[in-house]
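Below is one structure, written out as structure tokens; comments come after it.
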Amino acid sequence: MIWSNTYEGISEAAEALRKGNLVALPTETVYGLGADALNPDAVAAVFRAKGRPADNPLIVHIADASEMEKYAYPNEWAYRLAEEFWPGPLTVILPKRDIIPSIVSAGLDSVALRCPAHPVARELIRVSGCPIAAPSANISGKPSGTTAEHVLHDFKERIAGVIDGGPCACGLESTVVSLLGDHPILLRPGFVTPEQIRQVIPSLTVAKAVVEELGKDEAILSPGLAHRHYAPSCETIGLIGSAENAAEYIASHATEGPYAVMCFDGEESFFCADRIVTYGHRGTPAEQGERLFDALRFLDEASVCRIYINAECGDGVGLAVYNRLLRSCGFRMIRV
Ligand code: TXA
Ligand code: MG
């Protein structure tokens, strides 16, 4: 079922949600696979539909910052971040209240909260009267869904339906900040950048796992950081450097079998591959973020043995793009 992005469509979707069904919804970051966060059976169905490991908690979406207190114990930082960045692409982790079923938080005593900016998401929360537990709408481990078509590709009959809100504006999942303990930590980079958050919390640190593969004995701060993510099914290799150097590397390393290249706009002519897709201009991470998952999904459908991704390191939103690409490649990122 595809619901239109109208009051009628949203009302029908809200009804399905209240009955305990799964409803995919657009947000400004990526589509979410939503369930009533206070209904443990509905939340269990989210884990089943995605094939999501039970140790990976979900984000609870609320319509207004004032609802934080219903589900969590917010501290001063939470109020200040909410004032600055909500509604928007930022998730905060706080000590949870008992009203949140433990399946939502995967047994942890904390809960992730986000107040999305997308008008359809907010209207759905408001009309249904449910806080919505929603992970990104993709099969676990695969690139997130940024259009209603992506969602239907992954879930078809396994959900009550999707509200079509067109392509997502950010295209990358929200920034996740843990506010547990005395030292706030950025667990996942997104469109709200570490630099912006430091305007509010100067002591913010960035979790090592954002840009590095953790050793087996290192503490994992967020279960989501431990799982393989955003990954096409074939071997995927990242190449950091100019298009010229990336093309040279591929020419001297590509062995048997067809391969694909994901590169920056206007640089296609450097490469010779069985399939080439671009994901925005070099140096424009916001544009890259918006197109990244669509490009990865497109290549995942191509019959190739290997995907090479020409990438760049960056700060700001560039850190978020780099983080997703690192995981797509299983940390196989080579400087060329
Ligand atoms: O933009 C987004 O955040 C999207 C849209 C739908 O809102 N949602 C999303 O959810 O990306 P998901 O489930 O794909 O990612 C949630 C991340 C995971 O890495 C998870 O481990 C982490 O947040 N997380 C959730 N609750 C947590 C908690 N209590 N402690 C630590 N990490 C948590
Ligand atoms: Mg996800």
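ALA45 is checked against (1) in a loop (DSSP other than H, G, I, E, B); (2) under 21 Å from the mean Cα position of the chain (by Cα); (3) away from ligand 1 (no atom under 13 Å from the Cβ) and fails just one. What number does that condition carry?
Result: ALA45 passes all but (1).
Go through region 285-312 residue by residue and tally those that are over 19 Å from the mean Cα position of the chain (by Cα), surrounded by fewer than 21 Cβ atoms within 10 Å (Cβ to Cβ) and farther than 12 Å from PHE264 by Cβ.
Counting residues in region 285-312 that are over 19 Å from the mean Cα position of the chain (by Cα), surrounded by fewer than 21 Cβ atoms within 10 Å (Cβ to Cβ) and farther than 12 Å from PHE264 by Cβ gives 5.
Which count do you get for residues in region 106-134 that are surrounded by fewer than 24 Cβ atoms within 10 Å (Cβ to Cβ) and either within 16 Å of ligand 2 (Cβ to nearest atom) or without any contact (Cβ under 8 Å) to a residue 40 or more places away in the chain (or both)?
Going through region 106-134 one residue at a time, the tally reaches 3.
Within region 135-154, take every residue that is assigned to a helix (DSSP H, G or I) and surrounded by fewer than 21 Cβ atoms within 10 Å (Cβ to Cβ) and give me the one that is nearest to ligand 2 (Cβ to nearest atom).
Here the residue is HIS153.
Just a yes or no: is a residue in region 236-251 away from ligand 2 (no atom under 15 Å from the Cβ), out of contact with any Leu (no Cβ under 9 Å at 6 or more places or on another chain) and at positive phi?
So far as region 236-251 goes, yes, one or more of its residues are away from ligand 2 (no atom under 15 Å from the Cβ), out of contact with any Leu (no Cβ under 9 Å at 6 or more places or on another chain) and at positive phi.
Checking the structure you have, find out if any residue of region 205-212 is of a type outside the set (A, V, I, L, M), buried (at least 18 other Cβ atoms within 10 Å of the Cβ) and touching a strand residue (DSSP E or B) at 6+ places or on another chain (Cβ under 8 Å).
Scanning region 205-212, I find no residue that is of a type outside the set (A, V, I, L, M), buried (at least 18 other Cβ atoms within 10 Å of the Cβ) and touching a strand residue (DSSP E or B) at 6+ places or on another chain (Cβ under 8 Å), so the answer is no.
If a residue has to be more than 16 Å from ligand 2 (Cβ to nearest atom) and assigned to a loop (DSSP other than H, G, I, E, B) to count, how many in region 6-42 make the cut?
Summing the residues that are more than 16 Å from ligand 2 (Cβ to nearest atom) and assigned to a loop (DSSP other than H, G, I, E, B) in region 6-42 gives 7.
Quick note: the coordinates plus some simple rules give every number you see, no bench work behind them. Model, not experiment: these values are computed from the prediction. FYI the Cβ positions are ideal-geometry reconstructions off the backbone, even for glycines, and counts take in every protein chain you see.
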